[in-house]
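The values are calculated or read from the model by the stated rules, or taken from the named source; none is laboratory data. From a predicted model like this one, the values you see are computed outputs, not experimental measurements. So basically every Cβ, Gly included, is an ideal-geometry build from the backbone, and we count neighbours across all protein chains shown. Side chains are part of the model used for accessible areas, which takes the heavy atoms of the whole protein and leaves out ligands, DNA and RNA. Shrake-Rupley method; radii C 1.70, N 1.55, O 1.52, S 1.80 Å.
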Amino acid sequence: SNAKKILELGTFTGLSTLSMSLGLPDNGSLIALDKNKKTNKKALDFFKKAKQDKKIKTIIKPALESLKELKKDNIIFDIVFIDADKNNYQNYYDGVMDLVKKDALIIIDNVLWHGEVADENNNDKFTNIIRDFNKYVKNDKKTEQVIIPLGDGLTVCRKL
């Protein structure tokens with residue numbers, strides 16, 4: 001993809017962060033957003049061990065706040081990876097739209113929700129949140145998108 005700037009929402013202990021950072025060129029950078037100081041500390045240790053800490057900047061605060069600040073700073077990304085609290089998936093998706101250029105990728109994790117989204121009899125809160133989010137993205141005309149049934153499901157969107 002020739003990506004040089006990546007934004008990640010939801011870092012946890014940094015596995016996805018590290019994987020994406022390793023795919024970046026030496027002059028690439030990744031900003032990782034998470035609100036948990038304890039798991040961020042673990043992630044930072046992993047980044048140092050993998051010698052990727054120079055490419056990765058972490059921000060510890062609610063992602064919606066950070067998105068507003070990044071927008072104010074006019075930072076534009078080539079790839080955004082969303083894997084944070086599912087309640088805010090639609091807010092994150094809408095919030096990153098101004099932070100990506102044309103043809104940028106927005107990748108969302110957990111969109112198959114352990115296969116639960118396909119079970120019409122399952123109406124628990126999180127299943128419905130993911131199901132509604134998937135419909136929202138499917139109907140969005142600002143991107144073209146595909147769900148990849150890998151792991152817990154990834155939606156890959158390309159901004160038009």
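The selection criterion, being outside any loop (DSSP other than H, G, I, E, B), open to solvent by less than 70 Å² (accessible area, probe 1.4 Å) and under 22 Å from F12 (Cα atoms), does not hold for V111. For the range 107-115, does any single residue satisfy the condition of being out of contact with any helix residue (DSSP H, G or I) (no Cβ under 6 Å at 6 or more places or on another chain) and free of Cβ contacts under 8 Å to residues at least 24 places away in the same chain? For the range 107-115, residues out of contact with any helix residue (DSSP H, G or I) (no Cβ under 6 Å at 6 or more places or on another chain) and free of Cβ contacts under 8 Å to residues at least 24 places away in the same chain: present. Mind checking whether some residue in the range 61-77 is assigned to a helix (DSSP H, G or I) and of a type in the set (F, W, Y)? No, every residue in the range 61-77 fails to be assigned to a helix (DSSP H, G or I) and of a type in the set (F, W, Y).
All conditions in (1) part of a strand (DSSP E or B); (2) exposed (fewer than 14 other Cβ atoms within 10 Å of the Cβ) hold for K54, with the sole exception of (1). Looking across the range 1-43, the residues that are assigned to a helix (DSSP H, G or I), without any contact (Cβ under 8 Å) to a residue 60 or more places away in the chain and open to solvent by less than 60 Å² (accessible area, probe 1.4 Å) come down to T17, L18, S21, T39, N40, A43.
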